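Q: Attaching a single structure in structure tokens format; questions to follow.
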Amino acid sequence: MTKKSWIIIAFIILIVLIGIVFFFWNRNSNNESPNYNSSRTASNTSLNTSNTNTQNTNTQNTNNSKNSTNNSSKEETNQNTSITNTNQNNASNSINNNSNVVETEISNFSTKIYTKDSSRQKNIEITCSTLNNTIVKKGETFSFCSTIGPSTTSKGYEKADIFDRNGQKKKGLGGGNCQVSTTLYNAVLAVPSLKVTERHEHSNKVPYIATGKDAAVAYGSYDLKFRNDSEYDVKIKAEANNSNVTIKLFSLKS
């Protein structure tokens with residue numbers, strides 16, 4: 001064979017070898033690619049599953065929390081409803097019990113308002129409003145000063161005529177209160193089972209009652225007190241208009 005023939009054969013063999021190498025290289029490359037993608041897909045699937053499970057767990061916890069909250073709210077609502085019903089029942093029973101009580105007037109006394117001083121009139125109205133519907137239980141002692149309390153501007157009291165210890169007229173908060181206490185005193189005197197335990201006369205004559213029938217009051221010093229020795233409770237009704245102060249006493253019997 002000639003030299004040229006050998007060169008041609010060698011070239012062919014080289015091409016065949018290059019082809020074989022290229023073939024096996026492509027085969028290995030194609031075999032590795034699916035494994036990588038499969039691994040990555042499996043990893044992503046695992047992550048997605050984990051995330052899904054986490055989301056499901058969070059959703060379940062949220063639902064459980066909501067159910068717990070709803071149940072708690074229902075229980076609280078039921079408790080509040082129970083309390084409300086109990087209070088309503090108690091109020092109903094109280095009304096029913098009160099409806100069995102018979103009020104009977106046992107005394108009535110009025111005194112005439114001699115002046116139209118607006119401050120004095122206002123003081124009388126405030127005191128009558130506070131005194132009105134007071135109930136003195138059987139065996140208890142009533143105190144005018146404890147019931148009415150001090151005469152202060154915060155309650156609406158104004159300055160009007162009063163007597164000092166020396167019988168001198170001056171202005172003081174709550175002027176006019178003594179007419180209410182005097183009217184009450186005379187209403188109490190008409191009921192034998194009500195025993196007066198404290199009473200004071202004014203230091204000067206007052207125009208709305210006869211001498212010796214008045215009852216001066218001054219918070220912290222002079223008071224009007226009486227004890228209920230009857231077999232029933234006593235209710236005090238007090239009212240005032242531009243002309244008179246009126247006190248009515250009622251027995252409360254079942």
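The values are calculated or read from the model by the stated rules, or taken from the named source; none is laboratory data. Everything numeric in this text was worked out from a predicted model, so none of it was measured. Note: ideal-geometry Cβ built from the backbone for every residue, glycine included; neighbour counts use all protein chains shown.
Q: Go through (1) of a type outside the set (F, W, Y); (2) surrounded by 15 or more Cβ atoms within 10 Å (Cβ to Cβ); (3) modelled with pLDDT under 90 for V136 and report which single condition fails.
A: In the conditions (1) of a type outside the set (F, W, Y); (2) surrounded by 15 or more Cβ atoms within 10 Å (Cβ to Cβ); (3) modelled with pLDDT under 90, V136 misses (3) alone.
Q: A follow-up question, please. Consider only pairs whose beta carbons are under 7 Å apart and that are at least six residues apart or on different chains; among these, list those whose first residue lies in segment 182-193 and is in contact (Cβ under 8 Å) with a residue 12 or more places away in the chain and whose second residue is buried (at least 23 other Cβ atoms within 10 Å of the Cβ) and among the aliphatic types (A, V, I, L, M).
A: T182/A215; T183/V245; T183/I247; L184/L224; L184/I247; Y185/A215; Y185/L224; A187/I247
Q: Out of everything in segment 130-170 that is in contact with a helix residue (DSSP H, G or I) (Cβ under 9 Å, 6 or more places away or on another chain) and of a type in the set (V, I, T), what residue ends up being farthest from A218 (Cα to Cα)?
A: T134
Q: Shifting gears a bit: Scan segment 212-229 for residues that are closer than 24 Å to E125 by Cα and of a type outside the set (D, E, K, R) and jot them down. Reasoning before the result, please.
A: Residues of segment 212-229 that are closer than 24 Å to E125 by Cα, as a first pass: 213-226.
Once the filter is applied, which keeps residues that are closer than 24 Å to E125 by Cα and of a type outside the set (D, E, K, R), segment 212-229 yields A215, A216, V217, A218, Y219, G220, S221, Y222, L224, F226.
Q: Just to be sure, is N242 touching a helix residue (DSSP H, G or I) at 6+ places or on another chain (Cβ under 9 Å) and surrounded by fewer than 18 Cβ atoms within 10 Å (Cβ to Cβ)? Outline the logic, then answer.
A: Details: touching a helix residue (DSSP H, G or I) at 6+ places or on another chain (Cβ under 9 Å): yes; surrounded by fewer than 18 Cβ atoms within 10 Å (Cβ to Cβ): yes.
Answer is yes for this residue.
Q: Strands (runs of 3 or more DSSP E) wholly in segment 93-208 with at least 3 residues that are farther than 19 Å from D229 by Cα - which ones? Step through it out loud before you land on a result.
A: Numbers: elements: 102-112, 134-136, 141-143, 159-163, 169-173, 194-198.
Per the criteria, 102-112, 159-163, 169-173.
Q: Filtering segment 154-178 down to residues that are of a type in the set (S, T, N, Q) and under 29 Å from V136 (Cβ atoms), which residue is surrounded by the most Cβ atoms within 10 Å (Cβ to Cβ)?
A: Pass one, segment 154-178, residues of a type in the set (S, T, N, Q): 154, 166, 168, 177.
The next check asks that each one be under 29 Å from V136 (Cβ atoms); those that pass are 154, 177.
Numbers: S154: 6, N177: 28.
Once the filter is applied, the top-ranked residue is N177.
Q: So, one more: Any idea which of (1) touching a Leu at 6+ places or on another chain (Cβ under 9 Å); (2) modelled with pLDDT under 95 is the one V102 doesn't satisfy?
A: Failed condition: (2).
Q: Every residue in segment 223-254 that is among the hydroxyl-bearing types (S, T, Y) and modelled with pLDDT of 95 or more, please. Steps first, please.
A: Pass one, segment 223-254, residues among the hydroxyl-bearing types (S, T, Y): 230, 232, 243, 246, 251, 254.
Passing the criteria: S230, Y232, S243, T246, S251.
Q: Tell me, please, whether a residue that is buried (at least 18 other Cβ atoms within 10 Å of the Cβ), closer than 17 Å to I135 by Cα and either in contact with a Ser or Thr (Cβ under 7 Å, 6 or more places away or on another chain) or not assigned by TED's automatic domain parsing to the domain that holds T127 (or both) can be found in segment 209-218.
A: no
Q: State the number of residues belonging to segment 214-234 that are out of contact with any Leu (no Cβ under 8 Å at 6 or more places or on another chain) and in a loop (DSSP other than H, G, I, E, B). Write out each step before concluding.
A: Here is the first cut: in segment 214-234, the ones out of contact with any Leu (no Cβ under 8 Å at 6 or more places or on another chain) are 214, 216, 218-223, 225, 231.
Pick out the ones that are also in a loop (DSSP other than H, G, I, E, B) and you get 214, 216, 219-221, 223, 231.
The total comes to 7.
Q: Let me ask another. Look at N228 and say whether it is within 21 Å of G176 (Cβ to Cβ) and of a type outside the set (D, E).
A: Details: within 21 Å of G176 (Cβ to Cβ): no; of a type outside the set (D, E): yes.
Answer is no for this residue.
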